[in-house]
Amino acid sequence: MVVTSSARDYINRILQDISGMKVLILDSQTVGVVSVVYSQSELLQKEVFLVELVDSISKSSESMSHLKAVYFLRPTSENIQFLRRQLANPRFGEYHLFFSNILKDTQIHILADSDEQEVVQQVQEFYADFVAIDPYHFTFHVPSHYIYMLPAVVDPSTVQRFCDRVVEGLAAVFLALKRRPVIRYQRTSDISKRIAQEAAKLMYQEESGLFDFRRMEVSPLLLVIDRREDPVTPLLNQWTYQAMVHELIGIQDNKVDLKSIGKFPKDQEEVVLSSEQDPFFKANMYENFGDIGMNIKRMVDEFQQVSKSNQNIQTIEDMAKFVDNYPEYRKMHGNVTKHVTLVTEMSKIVDERKLMSVSQTEQELACNGGQGAAFEAVTNLLNNESVSDLDRLRLVMLYALRYEKDSPVQLMQLFNKLASRSAKYKPGLVQFLLKQAGVDKRMGDLFGNRDLMNIARNMARGLKGVENVYTQHQPLLFQIMENIVKGRLRDVDYPFVGNHYQQGRPQDVIIFIVGGTTYEESRSVALQNANNTGIRFILGGSSVLNSKRFLKDLEEAQRVARSSTTVV
């Protein structure tokens, strides 16, 4: 049960059964679905000579009857209208239509009526309606992402679109994995409950025939939870490779855009970071920053050895050998350059923003008690000219989440200092976060100070010491997975939908976070799966967050809440 191979198998099947020269036509969502599991060179091997977006292909009228058009689109009404217009005046010799999710009967009728010239060879549903970033991590890139933070009455139609996209995506994931899950949700989250109920209705009633797979002894589990149950993880600086790149530079569908941070040669402006395509990244994506530097140095040394041997060309045989190995040599050169560039740029950012001292305080706030020392440390960093506005805001938010009930006076002092020091600070944003995800809204033991087991565990860790102060934090997801493995996830906190209960321990668990996942959490899932507990976890979310994205959602939700007449 690996999401990357499921998505890749679908794309394989789409491309290999249609012989000859092809143009692949995608939409703004399916382009991400394809790009994370298929490289440009692999598309060329399948005789795909052109990749176009469906809306831009509509603008051209040039005839290409020698090409076969392979469409892979989400079954949205907008895409159906694009197709209707394109089939009325066909430019290609053949049309092969593949949809990433369930088509409605009315949509099939529209397509059939539009195909007057009988150019459509096939219409199929291939359920790759998710972006499979890593083997155990997928996302949906849901638009208007902030809306999950607001009550449905504020903007019912946007909330409905958000829920529809998530439910459709979850249906595709389970159709791709050929499973029908039992579904549980976080009791304190209205949007998690709504998504869980709508997903159950689709899988058990509306499309029950489609989900009628061979019964397993124990059904897989889909657990729907809310990002606001753990607002700490997306606010922290990261110190493991993949998570750090996303936090400091940004990753979109396994691509890193370096143009945003400086001037680079044309071929290095955008680099790919994929565990499926890059062995060095696969081996190091969860390693901490210190070890990455040493491992990259080792890779550079190996490359220099290869370069030296290539300089020693004396015979025709040597030359032939060099030409044979040249593609591999170029690939190695590109890989070395990519990782050296990324680590160099991140080192610069760490120095400029004084992230070592900022992050140490963040980890103390997230993992250890000591309110007095924390207040002093945050105050000192707020006064430090080198600390960025973004880092000041995150520090005050983390302090507020940890000590909102313990020290209201000091919290007000920090609010005032933040407002005076940070010109960009939006007043009331920290208070809005507390309203969304404060201690009264959360039911889990986020800081390990409610539950006796967690208090004992933290004390033991304190006595033993930690290996690395920068990576001592564990997301709340880790506790949830541990509870599932031990059969301790309480029904009262995470109720089942309908009368579909779990008999025994599930072998496959998909945890979906409404509001987005982080790479720290996907690392937690990968490490948990490496423990071979007999349960395999997959993590999914409505987007992939870093602190900037989480704060952007928070600001947008605050803006909409203020302009709404409804009380939030």
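The values are calculated or read from the model by the stated rules, or taken from the named source; none is laboratory data. Only a predicted model underlies this, so the values are computations on that prediction, with no experimental measurement involved. As a convention, Cβ positions derive from the backbone with ideal geometry for all residues, glycine included, and neighbour counts pool all protein chains shown. All accessible areas refer to the heavy atoms of the entire protein, side chains included, with ligands and DNA or RNA removed. Shrake-Rupley method; radii C 1.70, N 1.55, O 1.52, S 1.80 Å.
From the list VAL166, VAL153, VAL159, the one residue that fits, being surrounded by fewer than 19 Cβ atoms within 10 Å (Cβ to Cβ) and not in a loop (DSSP other than H, G, I, E, B), is VAL153. For region 503-534, filtering for residues that are open to solvent by 10 Å² or more (accessible area, probe 1.4 Å), modelled with pLDDT of 95 or more and outside any helix (DSSP H, G or I) leaves 0.
Of everything in region 211-268 that is among the small types (Gly, Ala, Ser) and assigned to a loop (DSSP other than H, G, I, E, B), the residue that is nearest to PHE174 (Cα to Cα) is SER219. Scanning region 111-150 for residues that are open to solvent by 60 Å² or more (accessible area, probe 1.4 Å) and assigned to a helix (DSSP H, G or I) returns ALA112, ASP113. Applying the set (1) within 25 Å of PRO234 (Cα to Cα); (2) modelled with pLDDT of 90 or more to VAL568 leaves exactly one unmet item: (2).
Among the candidates MET453, MET443, MET459, the residue that is modelled with pLDDT of 85 or more, open to solvent by 30 Å² or more (accessible area, probe 1.4 Å) and not assigned by the TED database to the domain that holds PHE512 is uniquely MET443.
Being over 15 Å from the mean Cα position of the chain (by Cα) and open to solvent by less than 10 Å² (accessible area, probe 1.4 Å) is the filter; apply it to region 230-239 and report the residue that is nearest to GLY444 (Cα to Cα). Ranking the candidates gives ASP230 first.
Pairs linking a residue in region 244-269 that is over 24 Å from ASP291 (Cβ atoms) to a residue that is open to solvent by 60 Å² or more (accessible area, probe 1.4 Å) and not in a strand (DSSP E or B), with Cβ atoms under 6 Å and 6 or more positions apart or on different chains, are GLU269/LYS259.
Per this entry, GLU94 is not counted among residues that are at pLDDT 90 or above, assigned by the TED database to the domain that holds ASP9 and open to solvent by 60 Å² or more (accessible area, probe 1.4 Å).
Only one of the numbered conditions (1) in contact with a helix residue (DSSP H, G or I) (Cβ under 7 Å, 6 or more places away or on another chain); (2) touching a residue at least 60 places away in the same chain (Cβ under 8 Å) is not met by LYS435, and that is (1).
Can you confirm whether region 488-511 contains a residue that is under 18 Å from PRO135 (Cα atoms), among the polar types (S, T, N, Q) and in contact with a Leu (Cβ under 8 Å, 6 or more places away or on another chain)? Within region 488-511 (the criterion being under 18 Å from PRO135 (Cα atoms), among the polar types (S, T, N, Q) and in contact with a Leu (Cβ under 8 Å, 6 or more places away or on another chain)), the answer is no, since none of the residues qualifies.
Looking only at residues of region 269-279 that are touching a helix residue (DSSP H, G or I) at 6+ places or on another chain (Cβ under 6 Å) and over 19 Å from SER5 (Cα atoms), we find that the one that is least open to solvent (accessible area, probe 1.4 Å) is VAL271.
So that you can scan it fast, the table gives a plain yes or no per residue for (1) more than 23 Å from THR30 (Cα to Cα); (2) more than 23 Å from the chain's Cα centre (by Cα):
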{"site": "ARG161", "(1), (2)": "no, no"}
{"site": "LYS178", "(1), (2)": "no, no"}
{"site": "ALA196", "(1), (2)": "yes, no"}
{"site": "SER219", "(1), (2)": "yes, yes"}
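Of GLU385, GLU376, GLU404, GLU364, all but one fail to be open to solvent by 50 Å² or more (accessible area, probe 1.4 Å) and under 31 Å from the mean Cα position of the chain (by Cα); the exception is GLU364.
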